[in-house]
């Protein structure tokens, strides 16, 4: 946990509980939050990420922001998970293959009650449970430890095969969120081959394709070409969507559950989405916001959150 002295100087960065709690499992399955509600929750997650990185003074903010809409759709609507029973055998499994974007998963877990919101401010602090990359031994709700790019999809395939042995593969879906960096690694494509070879049908791979890396654009560093066409050539059902269009995100994720083959969703996204000073701009990978940048980002996101909250209230009136 971050020290009191550290937080005292940045009191505006302490986490703010969402006045509208996330839906319980039955509500997610039966009532299903609307697209507008999911968009609002994505803003809540983005706010948490800015606060976390500003306090930690290290981490990957832009990579977390690009995945916020995908993660919000998963945790608030699509995933069958139960914070009151984290080890529920019939839960869906989520693997953050792009483990450097851990803050966005941590925010979703904390907002759902897997651990206290205050723990978010301990990101990357010595002795705290929130490591720079997800750690299954220290953080409730994390299924597997990730971070080494290229290994995540193999873990997803392994989980699917284990679920088959347990007789759960017909009801439990495994969702993995990959980066374009993952798609530059050969092991990812070995996993793609094995998923088809072993007839894995309960696997959804979502590629957060934001096109920017530490050293430049994905195309400059190692062009991965048409990722959708590649997955299709490997025998997957593959589609491409706008990763920031919540309607498209939800439709693609829910459709993937109905298929009898592994599904790939190539989500075209922008790094830093939601923070205009950072959005789709090179130079922020692995670089925390300065105090000034954090304050500006929080103000921008709070304005958006207020607008979304007001619109929802008016729509329900």
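The values are calculated or read from the model by the stated rules, or taken from the named source; none is laboratory data. Here the structure is a predicted model, which is why all the values come from computation and not from measurement. No Cβ is skipped: glycine too gets one built from the backbone with ideal geometry, and neighbour counts run over all protein chains shown.
Computed quantities for the displayed model
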| read-out | value |
| --- | --- |
| Pairs with Cβ under 9 Å, 6+ apart, first in the range 86-106 and touching a residue at least 12 places away in the same chain (Cβ under 8 Å), second surrounded by fewer than 20 Cβ atoms within 10 Å (Cβ to Cβ) and not in a loop (DSSP other than H, G, I, E, B) | 95/155; 97/155 |
| Conditions (1) modelled with pLDDT of 95 or more; (2) closer than 20 Å to residue 185 by Cβ; (3) out of contact with any helix residue (DSSP H, G or I) (no Cβ under 7 Å at 6 or more places or on another chain); (4) surrounded by fewer than 24 Cβ atoms within 10 Å (Cβ to Cβ); number of the one not met by residue 89 | (2) |
| The range 205-236: number of residues that are free of Cβ contacts under 8 Å to residues at least 60 places away in the same chain and under 21 Å from the mean Cα position of the chain (by Cα) | 4 |
| Some residue of the range 207-226 being modelled with pLDDT of 95 or more, assigned to a helix (DSSP H, G or I) and in contact with a strand residue (DSSP E or B) (Cβ under 7 Å, 6 or more places away or on another chain) | no |
| Any hit, the range 176-197, residues being assigned to a loop (DSSP other than H, G, I, E, B) and farther than 27 Å from residue 281 by Cα | no |
| Matching residues in the range 155-173 - criterion: being within 17 Å of residue 134 (Cα to Cα) and surrounded by 20 or more Cβ atoms within 10 Å (Cβ to Cβ) | 156, 159 |
| Criterion violated by residue 232 - all others in (1) within 17 Å of residue 200 (Cα to Cα); (2) out of contact with any helix residue (DSSP H, G or I) (no Cβ under 7 Å at 6 or more places or on another chain); (3) in a loop (DSSP other than H, G, I, E, B) satisfied | (3) |
| The range 244-262: number of residues that are within 21 Å of residue 68 (Cβ to Cβ) and not in a helix (DSSP H, G or I) | 2 |
| Positions within the range 54-63 being over 16 Å from the mean Cα position of the chain (by Cα) and either without any contact (Cβ under 8 Å) to a residue 24 or more places away in the chain or within 13 Å of residue 133 (Cα to Cα) (or both), in sequence order | 58 |
| Selection within the range 286-299 - surrounded by 17 or more Cβ atoms within 10 Å (Cβ to Cβ) and in contact (Cβ under 8 Å) with a residue 24 or more places away in the chain | 288, 289, 294, 297, 298 |
